[in-house]
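Have a look at the structure below, then the notes.
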Amino acid sequence: MNRARVSLSSALTRSARGAGVVLIAVTAFIASAGVAHADTTLAQAAASLRSEDPVFVAPEADPTMTSAEADQLRARIRDSRHPFFVAVLPASALVKNDASATLQALHAAVGLAGTYAVVVGPSFRGGDTKVSVSDLATAAFRAHSSEGVFAVLDSFVVEASARLSGTIPAAGSAGSTSDSGSGSTVALLAGVVVVGGGGLLLYRRAKRKVAGQTAAVRATVDEDVTSYGEVVAAINVDDPRLDEAGRADAQRALDAYESAKASADQMARPEDAQRVTTALEDGRYALACVQARIAGDAVPDRRPPCFVDPRHGPSTEDVQWAPDGGAPRPVPVCAACSTTLASGQMPDAREVTVGGARVPYWQGGRAYAPYAGGYYAASGMNMMSMLFMGSMLGGMFSGPQYGGGMGGAGESGGGGFSGGDFGGGGDFGGGGGDFGGGDF
């Protein structure tokens with residue numbers, strides 16, 4: 001890929017030409033319908049979990065739990081004083097037909113540290129961003145799957161809370177050992193010192209990594225805030241061409257700038273970028289409304305930002321895009337990018353810095369997931385759509401991870417939330433199990 005250009009390549013199409021192309025388009029639409037449904041369900045779950053409700057139950061989930069059971073689980077989580085994010089989803093919400101990938105996608109969409117549990121169709125998975133709890137997920141499933149979804153989740157929350165509080169040891173740790181004499185005690189203490197020193201080294205290394213990624217994301221965010229500020233500075237709230245609704249839009253655009261700037265100033269980790277870009281997305285739409293009112297045009301529909309560069313503001317249409325070897329999928333683009341593409345040229349992508357190199361933002365890795373999420377969370381093109389398209393591009397959110405991030409989809413066994421930065425981390429692998437086989 002040319003670093004300075006979006007590799008939208010020759011697979012961009014503007015219209016169907018002939019029955020063969022129509023058939024391809026229909027096939028692609030049918031194939032993408034399930035993805036769109038999964039996107040919507042996961043986006044709804046993520047939005048609910050971010051709103052401080054730790055339990056989300058999709059109405060169409062099967063198996064499921066009752067409202068009363070969900071309330072019991074909420075009470076259990078509140079009593080634990082630990083962050084839990086629990087989702088019970090239909091099988092149609094599966095990502096890549098993999099329960100572990102679904103759990104990872106849910107974490108990416110929520111973007112917060114804590115313990116995650118998902119029942120998706122007949123499968124259950126659990127993981128944590130700091131502590132390995134996959135063994136607890138497996139144990140909860142094996143012990144309680146015959147009793148139903150609530151029993152499994154309740155057991156998992158209880159046991160995970162105990163581990164997070166230090167009441168029960170982590171998997172593989174020596175919870176209790178016999179005293180073998182002073183010599184072995186000294187050796188054990190020496191081992192603790194060595195392990196402790198290694199853990200401290202890993203912690204410091206991870207902390208430096210997060211600091212570096214935060215600085216890079218912060219620089220990107222500052223560029224976006226400055227770019228928006230230059231445009232919004234021209235707004236005149238008292239423009240006589242603006243009616244009351246127009247002045248309200250203008251004020252909202254100005255307020256969005258102040259909110260984005262304040263959030264950028266307070267950034268302490270990559271996740272904080274989402275607040276900034278959420279404000280910028282809202283401001284860009286308000287600005288588009290102001291510009292339309294001044295020009296005497298109809299207020300535009302609220303659409304996702306331009307996929308090529310979110311700083312372009314709301315998109316105006318979708319174009320079919322198929323990366324090399326991938327299936328076609330509609331992506332939103334602004335009028336300027338649409339014109340550029342129609343002429344056979346490639347518009348400039350929004351680039352970010354990763355490891356000293358400039359790459360399109362969708363290849364920025366997990367550290368940039370919140371940055372992209374803020375732009376697209378409010379629209380139908382949610383984080384899960386971004387995740388899907390990024391995976392087709394060869395790895396959005398599969399690049400460098402920030403501390404507490406989740407391992408890449410498809411990992412097993414050693415794949416953990418922390419990516420090994422903290423000497424382990426919550427792994428998926430054998431965590432959980434499959435409901436079914438007459439259990440329910």
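Once amide H atoms are built 1.01 Å from N in the peptide plane, which residues 5 or more positions from PHE307, or in another chain, come under 5 Å H to H?
VAL333, CYS334
Can you order the peptides 275-288, 118-131, 221-234 by their average number of other Cβ atoms within 10 Å per residue, highest first?
Highest mean packing first, the order is 118-131, 275-288, 221-234.
Identify, among PHE84, LEU73, SER132, the residue whose Cα sits farthest towards the positive end of the charge dipole of the stretch 36-135, taking +1 on the Cβ of Lys and Arg and -1 on the Cβ of Asp and Glu, with the dipole about the Cα centre.
SER132
Once you put a point 7 Å from the Cα of GLU258 and another 7 Å from the Cα of ASP348, both along the Cβ direction, what distance in nm separates them?
Between GLU258 and ASP348, the label points sit 3.2 nm apart.
With r as the distance between the Cβ atoms of ARG142 and LYS96 and R0 = 30 Å, compute the FRET efficiency 1/(1 + (r/R0)^6) and round to 0.05.
Approximately 0.75, to the nearest 0.05.
For the charge dipole of the stretch 206-393, defined by +1 on Lys and Arg C-beta atoms and -1 on Asp and Glu C-beta atoms about the Cα centroid, which residue among GLY283, GLY355, PRO240 has the Cα displaced farthest towards the positive pole?
Checked the options; the winner is GLY355.
With each pseudo-label sitting 7 Å past Cα toward Cβ, what's the ARG78-ASP53 distance in nm, one decimal?
Those two pseudo-labels are separated by 1.4 nm.
Taking 35 Å as R0, compute the FRET efficiency from the Cβ-Cβ separation of ALA336 and ASP238 and round it to 0.05.
0.75
Between SER67 and ALA219, what length in nm is gained on full extension when 0.36 nm per residue of separation is reduced by their alpha carbon distance?
Net length gain for the segment: 50.2 nm.
Run down the aspartates and glutamates and flag those whose C-alpha is under 15 Å from the C-alpha of LYS207, throwing out any fewer than 8 positions away in its chain.
Candidates past the 8-residue exclusion: GLU271, ASP421.
Work through the residues other than ALA113 whose Cβ is under 10 Å from its Cβ and net out their charges, Lys, Arg +1 and Asp, Glu -1.
With Lys, Arg at +1 and Asp, Glu at -1, the neighbours total 0.
Summing Lys, Arg as +1 and Asp, Glu as -1, what charge do residues with Cβ under 13 Å from the Cβ of ALA279 carry, ALA279 excluded?
Residues close to ALA279 contribute a combined charge of -3.
For the stretch 46-152, what is the charge dipole size about the Cα centre, in debye to the nearest 20, if Lys and Arg each add +1 at the Cβ and Asp and Glu each add -1 at the Cβ?
Result for the stretch 46-152 is approximately 300 debye, rounded to the nearest 20.
Provide the per-residue ³J(HN,Hα) series for the stretch 233-250, in order, calculated from phi with Karplus coefficients 6.51, -1.76, 1.60 and θ = phi - 60°, each as a whole number of Hz, with x at glycine and proline positions.
With the stated coefficients, the stretch 233-250 comes to 5, 7, 6, 10, 4, 8, 4, x, 7, 9, 7, 4, 5, x, 5, 5, 4, 4 Hz.
Whole angstrom only: what separates the Cα centroid of the stretch 216-253 from the Cα centroid of the stretch 267-302?
8 Å
Sorted by mean Cβ packing within 10 Å, highest first, what order do the peptides 137-147, 94-104, 65-75, 291-301 take?
Descending packing order for the listed peptides: 94-104, 137-147, 65-75, 291-301.
Sorted from fewest to most neighbouring beta carbons within 10 Å, what does the list THR40, THR64 look like?
Fewest-to-most Cβ neighbours within 10 Å comes out as THR40, THR64.
Only the coordinates and a few stated rules stand behind these numbers; no lab work does. Everything quoted here is computed from the prediction, not taken from an experiment. Methodologically, a virtual Cβ is constructed for each residue, glycine included, from the backbone with ideal geometry; neighbour enumeration extends over all protein chains shown.
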